[in-house]
Amino acid sequence: MRSALLSAFLALSFLRAFGADLSSLSIDQLRNGIENQHPAAFYILAQKLFTAGQKDDAVFWFYAGQLRYRVYLLVNKDKLDPSGDPALFASLSEDVGRPINEYAFGDIPQLAKTIDAVIAWDHSHTNALTPRDKYESQYDQIVAGLTQMRDQVLKQGDSIRKTRTANGLQNRN
């Protein structure tokens, strides 16, 4: 938990540097216009939702943030300082993502539906930071990877459930 708080603090500090102070915003305020925010904002929203017990919504926004952040990093791979966005992405994916993924993988069919919903949402919502029409091939690459992950998780569902049970984790389906 301490590590997740540190990641959230770093994300908020990073976003403040770009003129966005999201720490005081409510869940609804964060969600409103999220498609135009830096991808780190998606992680902040996901963390707030998870903490508020809205875990399925947290999974959605976490994966939406993953998709957008991965596109952003791919598009800007030669321009970014490794200690900036790439490090923040790694930190948020670990610290915010770990409890969300632990929950999400407890219901494999629901996770697959959420991934499909994230892809559909992303396709139907603009992205001011990395517009789809300008970066179509990068989007296609990241969406293909996410789809492949979804298919692999579905294929290995029984094995994932057994491993979770052996590790004392709940399976919800």
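Values as computed for the structure displayed
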item: Which numbered condition residue 126 misses (of (1) β-branched (Val, Ile, Thr); (2) in contact (Cβ under 8 Å) with a residue 40 or more places away in the chain; (3) part of a helix (DSSP H, G or I); (4) over 17 Å from residue 73 (Cα atoms)); result: (3)
item: Single residue of segment 155-170 satisfying the filter (touching a residue at least 40 places away in the same chain (Cβ under 8 Å) and not in a helix (DSSP H, G or I)) that is surrounded by the most Cβ atoms within 10 Å (Cβ to Cβ); result: 169
item: Hey, residue 112 touching a residue at least 24 places away in the same chain (Cβ under 8 Å), out of contact with any Pro (no Cβ under 6 Å at 6 or more places or on another chain), among the small types (Gly, Ala, Ser) and part of a helix (DSSP H, G or I) or not; result: yes
item: Residue match in segment 44-54 (condition: in contact with a Phe, Trp or Tyr (Cβ under 7 Å, 6 or more places away or on another chain), over 22 Å from residue 143 (Cβ atoms), buried (at least 17 other Cβ atoms within 10 Å of the Cβ) and at pLDDT 95 or above); result: yes
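One line per residue, one yes/no per condition, for (1) within 17 Å of the chain's Cα centre (by Cα); (2) in contact (Cβ under 8 Å) with a residue 60 or more places away in the chain; (3) surrounded by 14 or more Cβ atoms within 10 Å (Cβ to Cβ):
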position: 77; (1), (2), (3): no, no, no
position: 80; (1), (2), (3): no, no, yes
position: 101; (1), (2), (3): yes, no, yes
position: 130; (1), (2), (3): yes, yes, yes
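The values are calculated or read from the model by the stated rules, or taken from the named source; none is laboratory data. In this text the structure is predicted, and so the values were computed from the model without any measurement. Don't worry about glycine lacking a Cβ; one is built from the backbone with ideal geometry, like all the others, and counts go over all protein chains shown.
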